[in-house]
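Down below is the structure, laid out as structure tokens.
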Amino acid sequence: MAELDTSGGGGKKGGKVRSKKQSTRVDLTAMVDLAFLLVTFFMLTTTLNKPKAMDLTMPDKDEKTKDQLPVKASQTLTVLLGSNNKLEWFMGVPGESLTPPTVEGYGKEGIRKVFVEQAAKVKQQTGKDILVLVKPSEKSIYKNVVDILDELHITDIKAYAIVDILPEEVGLLKRDNIY
């Protein structure tokens, strides 16, 4: 509570006799109650940020390979996720590599640039979209998988798959010291 003192001062003798004024009291309890009610109201009625999530389509466990379409090696980009935030990519599939394996980093000047260039090249040569195979190794971290999915989303690549890495691909990573 607040108290406002407006008493007259001085105790001079003589002169006019003044009556002593009572102090004025201001009760702020109602205003504090109102403030808490308003804070509670606005906290309960605001909408919080909705979490952002990317849609991921997973195949059915029961379904066999009957609906798979063949994809040429010339349309396939293989990305091997290694350690130390490095990755290795090549066009084609293991055993049918059309380009030599190249070590890259993540980001605008790394794999994003490769995705844009190779997608345009495949579209020009075959008229079809590129398929990206993402193969995380045991030494890659979860952040690397999220980063590569973000890069695929940024570059608007529609067809991609996360698949198991093969032993010969692990050998490539070890050869380039990113395993």
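Quick check on this structure: which one of 131, 152 is within 22 Å of the chain's Cα centre (by Cα) and hydrophobic (A, V, I, L, M, F, W, C)?
On inspection, the qualifying residue turns out to be 152.
Looking across 56, 69, 80, one residue alone is in contact with a Lys or Arg (Cβ under 9 Å, 6 or more places away or on another chain), within 22 Å of residue 131 (Cα to Cα) and either modelled with pLDDT of 75 or more or part of a loop (DSSP other than H, G, I, E, B) (or both). It is 80. Checking region 138-148 against the condition returns a match, with at least one residue being under 18 Å from residue 178 (Cβ atoms), touching a Leu at 6+ places or on another chain (Cβ under 6 Å) and modelled with pLDDT of 90 or more. Suppose the filter is in a loop (DSSP other than H, G, I, E, B), at pLDDT below 80 and surrounded by 10 or more Cβ atoms within 10 Å (Cβ to Cβ); does residue 51 pass it? Considered against the rule, which asks whether it is in a loop (DSSP other than H, G, I, E, B), at pLDDT below 80 and surrounded by 10 or more Cβ atoms within 10 Å (Cβ to Cβ), residue 51 comes out as no. The set of residues in region 120-140 being crowded, with 20+ Cβ neighbours inside 10 Å and in a helix (DSSP H, G or I) consists of 122 alone. Here region 82-106 is the region considered, the condition is being touching a residue at least 12 places away in the same chain (Cβ under 8 Å) and among the β-branched types (Val, Ile, Thr), and the residue that is nearest to residue 167 (Cα to Cα) is 93. For residue 143, the conditions (1) more than 23 Å from the chain's Cα centre (by Cα); (2) part of a helix (DSSP H, G or I); (3) surrounded by fewer than 17 Cβ atoms within 10 Å (Cβ to Cβ) all hold with the exception of (1). Only residues that are surrounded by 18 or more Cβ atoms within 10 Å (Cβ to Cβ) and under 17 Å from residue 96 (Cα atoms) were counted across region 154-172, and they come to 3.
Select from region 118-160 the residues that are of a type outside the set (A, V, I, L, M, F, W, C) and within 15 Å of residue 76 (Cβ to Cβ) and list them in ascending order.
Answer for region 118-160, where residues must be of a type outside the set (A, V, I, L, M, F, W, C) and within 15 Å of residue 76 (Cβ to Cβ): 118, 121, 123, 125, 126, 128, 129, 135, 158, 160.
The values are calculated or read from the model by the stated rules, or taken from the named source; none is laboratory data. The model shown is predicted, which means the values in this text are computed figures rather than measured ones. Note that we place each Cβ from the backbone using ideal geometry, even for glycine, and neighbour counts take in every protein chain shown.
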